[in-house]
1. Quick one: how many residues across the stretch 99-122 are loosely packed, with under 11 Cβ neighbours inside 10 Å and either in contact with a helix residue (DSSP H, G or I) (Cβ under 7 Å, 6 or more places away or on another chain) or of a type outside the set (Ser, Thr, Tyr) (or both)?
2. I'm checking my understanding of the structure. Among residues of the stretch 60-90 that are under 24 Å from the mean Cα position of the chain (by Cα) and modelled with pLDDT under 65, which one is surrounded by the fewest Cβ atoms within 10 Å (Cβ to Cβ)?
3. Out of contact with any Leu (no Cβ under 9 Å at 6 or more places or on another chain) and at pLDDT below 80: is that true of Asp122 in this structure?
4. When you look at Val49, is it aliphatic (A, V, I, L, M) and modelled with pLDDT under 70, yes or no?
Amino acid sequence: MRKIFNEQLKIGAIEIRKIEIDLKSRDQIPKVLLGLQYIYTHEEIRKPVFDLLEELIPEKSRKKLGRNGMGMWEIFVLSCIKLSCDSFVTRTNVHFPTDISLMFDAIRKVMVLTSRLCDSLDLPGWKQSNANLKKIKKSEKKEVS
């Protein structure tokens, strides 16, 4: 069965309660680390958390399995950090600009801004701007392909 954590510190190790975490960071990980530090240093919170984790581990995994040195605390911390990191990554379709795509982006933006300006000033001649934008998008797709 896995140990919750090893209470005996290794030589040169710093107690978790004495670790100073940068509170000025705009990253989310220091906040997660502060929460983990709080859980670790308050047994009234730590015990229910690990009781719950113990229940979640399948019976087959509980029987003398697990690496020496890889206790429940380490698994818990690594899982929290991984979740924290993964939650901020989103898959997107990355647009790598080329000269022609940058030119088309600029033309589209100029047309949109000019159309808005003309509408706000009640200037005639820009009613077809949406149709013209569609034509530009079609020609861009042909050029880029």
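1. 8
2. Once the filter is applied, the top-ranked residue is Thr90.
3. no
4. Answer is no for this residue.
Okay, residues lined up against (1) among the hydrophobic types (A, V, I, L, M, F, W, C); (2) modelled with pLDDT of 70 or more:
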{"site": "Arg2", "(1), (2)": "no, no"}
{"site": "Asn6", "(1), (2)": "no, no"}
{"site": "Ile11", "(1), (2)": "yes, yes"}
{"site": "Glu15", "(1), (2)": "no, yes"}
{"site": "Asp27", "(1), (2)": "no, yes"}
{"site": "Leu34", "(1), (2)": "yes, yes"}
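The values are calculated or read from the model by the stated rules, or taken from the named source; none is laboratory data. Because the structure is a prediction, the values reported are computed rather than measured. Please note: Cβ atoms are built from the backbone with ideal geometry, for glycine as well, and neighbour counts cover all protein chains shown.
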